[in-house]
Amino acid sequence: MRVDLGDRVWFSHYPPGVSRTLEVPDRTLVDFVGESAAKYPDRTAFIYYGARWSYARFWAAAGHVGQALLREGLRPGDRVALDLPNCPVYPIAYYGALRAGLVIVQVSPLYQGQDLRRLLEDAQPKAIFCLDIGWPNLERVAAEGFRLPLCYVAPLRSLYPLPARWFVNRVLARRGLSTRLPTGPFARSWAGALATAGEPAPPTVDVDRDVAVLQYTGGTTGVPKAAMLSHRNLVANALQCRAWFNLPASGGEVLLASIPYFHVYGMTVALNYPLFEGATIVLETRPDVDEILKLIDRYRPTQFPGVPALYNAINHHPKRDRYDFRSIRVCLSGSAPLPLEVARQFEALTGGSLVEGYGLSETSPVTHANPIHGERRAGSIGLPVPGTDQRVVDVETGTRVLGPGEVGELAVRGPQVMLGYAGRPDETAQVLADGWFRTGDLATVDADGYCSIVDRKKDLINVGGLKVYPREVEEVLFQHPAVADASVVGVPDAELGEVPRAFVVRKPGATVTAEELIAFVRDRIAHYKAPRSVEFREALPRSGVQKVLRRELRAEASATAPAP
């Protein structure tokens, strides 16, 4: 299948070697990764705190797990939930389930109680994979009346090299984390699944219609709903990443996977795409900055996809000069807007390229990125990746296409756009029509096709009829030498309806007052855009993928503001 968009204006700004067209063959994720395993059987696929899995070992383990699921009575099309952080269990269970023709349900291991139960009740998986340290969350849901399916629980210590396991046990005990394994008719052994003989026969898959992954979205903005991502969607997006990065096929790529796999960005950019390439993936269970510095220094990654908060934390880490970051060549930043100053500092530190990209759960996720080896425009998410079309439409109806420089809602189409929301045809119809997906983000596209996200529609601040985009104000705050982190939300105001309030984290040892910051902003952009108040924090609330939770800040600010 070839996606050809004719002669779009942005093609003239594609870097040399990046194709304008995209060939998406009728193949599954399993086909591509199985090919890597056959081609590079002895190459290291994963490194996990010193433990290594070759491509041959990883692929064989995935086959055994897939066979174990089929022997338990699961059938192609049944759902398997992965309630896991980044660890070897995730890729083995992910590809094991796909090899059996099953559907992956992405679950954040940060979910507990009602969040977790609501997701599981919606997805109705036939099996769940988790770690022993995460088992208490499922146990709690079961105690509240949810009937658990088959539960494969892996001891975290078993994933480490043998000499380190005693130390892992001590650390878990010190932190009060559970290492209990479940008992009961639903309990299954991870070791037993790995030891299952045989492997599944290749399932019959319709790459266009069959769902590969249910990716839940909306957790920070409302009730989560499951975006149905087909095999075609996910293969296309991995191939789009390959085309955009356009790296030489050296076989020496090493990628540090600190961004979580349960998030669509991590799943595509830090798992599927590098496995297509036969790369080595260094797994980190959670994005701890001290640990990241050591992993970079030890394993010398060439690619480090991440989020702005991680890059910013490395920039300001007091021990950063003790480590060598010069192996890093390419970093794609996603999940949240990348402040210009954060990118500039990180590139100076590493010598590599840090570019902002953009995507959503509904688009597998990547739709845009700045050129790695071409013109990057300040504040822009870049150009549509190969095979992707874009337009900006009016917010009210979504039918009137706007011209260059006009602010409206960004809409995209391409082979990576989801099939729809599972079981929610009405909500699907609200965002998806004629192949065009309305993103919910306010944007402009310039005359050359470079797109800039202004803000989320819901985050727009209406100051007496004048529009204020939080990102614009945050960009200015980040320019102040005392500011380490910042977020801006709208709060009720008796006179103007809404006014901006800034939440700011100071750099260690830095001093600055609210009045100084307000004056700093007023000196650089229109006065009405400047915060009317500033609240200093030790840290900003963030989601599991390090997005600032503006919803929480808005609720806190509104609770203390006078009613309009």
The condition from (1) of a type in the set (Val, Ile, Thr); (2) out of contact with any helix residue (DSSP H, G or I) (no Cβ under 6 Å at 6 or more places or on another chain); (3) under 25 Å from LEU120 (Cβ atoms) that ILE92 misses is numbered (2)
Which one is surrounded by the fewest Cβ atoms within 10 Å (Cβ to Cβ) among residues in region 216-239 that are modelled with pLDDT of 95 or more and under 21 Å from PRO260 (Cβ atoms)? MET228
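Kindly indicate whether any position in region 61-72 is in a loop (DSSP other than H, G, I, E, B) and either surrounded by 21 or more Cβ atoms within 10 Å (Cβ to Cβ) or of a type in the set (Lys, Arg) (or both). Break it down stepwise before answering.
Taking region 61-72 and keeping what is in a loop (DSSP other than H, G, I, E, B), we get 72.
If we keep only those that are either surrounded by 21 or more Cβ atoms within 10 Å (Cβ to Cβ) or of a type in the set (Lys, Arg) (or both) too, we end up with none.
Scanning region 61-72, I find no residue that is in a loop (DSSP other than H, G, I, E, B) and either surrounded by 21 or more Cβ atoms within 10 Å (Cβ to Cβ) or of a type in the set (Lys, Arg) (or both), so the answer is no.
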Identity of the residue in region 480-503, part of a loop (DSSP other than H, G, I, E, B) and touching a strand residue (DSSP E or B) at 6+ places or on another chain (Cβ under 9 Å), that ends up surrounded by the most Cβ atoms within 10 Å (Cβ to Cβ): HIS480
Options ARG413, ARG400, ARG391: the member that is at pLDDT 95 or above and surrounded by fewer than 18 Cβ atoms within 10 Å (Cβ to Cβ): ARG391
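So if I check each of PHE146, PHE129, which one is buried (at least 21 other Cβ atoms within 10 Å of the Cβ) and under 24 Å from GLY73 (Cα atoms)?
Values: PHE146 fails: buried (at least 21 other Cβ atoms within 10 Å of the Cβ).
Only one candidate qualifies: PHE129.
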Over region 419-445, the set of residues polar (S, T, N, Q) and closer than 25 Å to TYR469 by Cβ is GLN430, THR439, THR444
Check on GLU199, surrounded by fewer than 15 Cβ atoms within 10 Å (Cβ to Cβ), charged (D, E, K, R) and either in contact with a helix residue (DSSP H, G or I) (Cβ under 8 Å, 6 or more places away or on another chain) or at pLDDT 95 or above (or both): no
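Restricting the search to region 112-126, which residues are in contact (Cβ under 8 Å) with a residue 60 or more places away in the chain and either surrounded by 21 or more Cβ atoms within 10 Å (Cβ to Cβ) or under 20 Å from ALA97 (Cα atoms) (or both)?
From region 112-126, those in contact (Cβ under 8 Å) with a residue 60 or more places away in the chain are 115, 118-119, 122-123; that's our starting set.
The answer is LEU119, ASP122, ALA123.
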So GLY192 passes all but one of these: (1) in a helix (DSSP H, G or I); (2) outside the structural domain of LEU131 (by TED's automatic domain parsing); (3) at pLDDT 95 or above. Which condition number does it fail? (2)
Collect the residues in region 7-52 that are touching a helix residue (DSSP H, G or I) at 6+ places or on another chain (Cβ under 8 Å) and aromatic (Phe, Trp, Tyr), keeping them in residue-number order. PHE32, TYR40, PHE46, TYR48, TYR49
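Take the residues in region 538-562 that are in a loop (DSSP other than H, G, I, E, B) and free of Cβ contacts under 8 Å to residues at least 40 places away in the same chain, then tell me which one is surrounded by the most Cβ atoms within 10 Å (Cβ to Cβ).
First, pick out the residues of region 538-562 that are in a loop (DSSP other than H, G, I, E, B): 538-541, 543-547, 549, 561-562.
Remaining after also requiring free of Cβ contacts under 8 Å to residues at least 40 places away in the same chain: 538, 541.
On the way: GLU538: 6, PRO541: 15.
Ranking the candidates gives PRO541 first.
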Among residues of region 384-410, those that are touching a residue at least 60 places away in the same chain (Cβ under 8 Å) and among the small types (Gly, Ala, Ser), counted: 1
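One line per residue, one yes/no per condition, for (1) within 26 Å of ILE296 (Cα to Cα); (2) of a type in the set (Gly, Ala, Ser); (3) touching a Lys or Arg at 6+ places or on another chain (Cβ under 7 Å); (4) modelled with pLDDT of 95 or more:
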{"residue": "ASN86", "(1), (2), (3), (4)": "yes, no, no, yes"}
{"residue": "PRO91", "(1), (2), (3), (4)": "yes, no, no, yes"}
{"residue": "LEU98", "(1), (2), (3), (4)": "no, no, no, yes"}
{"residue": "GLY101", "(1), (2), (3), (4)": "no, yes, no, yes"}
Selection count where residues are in a loop (DSSP other than H, G, I, E, B) and modelled with pLDDT of 95 or more, scope region 425-479: 5
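Does region 327-383 hold any residues that are of a type in the set (Asp, Glu), touching a residue at least 60 places away in the same chain (Cβ under 8 Å) and buried (at least 24 other Cβ atoms within 10 Å of the Cβ), and which are they?
GLU362
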Scan ARG20, ARG75 and give me the residue that is in a loop (DSSP other than H, G, I, E, B) and without any contact (Cβ under 8 Å) to a residue 60 or more places away in the chain. ARG75
Residues satisfying the stated conditions in region 504-537, i.e. surrounded by fewer than 16 Cβ atoms within 10 Å (Cβ to Cβ), of a type in the set (Val, Ile, Thr) and out of contact with any Asp or Glu (no Cβ under 8 Å at 6 or more places or on another chain): THR511, THR513
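The values are calculated or read from the model by the stated rules, or taken from the named source; none is laboratory data. Nothing here was measured: the structure is a model prediction, and the numbers come from that model. All Cβ positions, glycine included, derive from the backbone under ideal geometry; neighbour counts span all protein chains shown.
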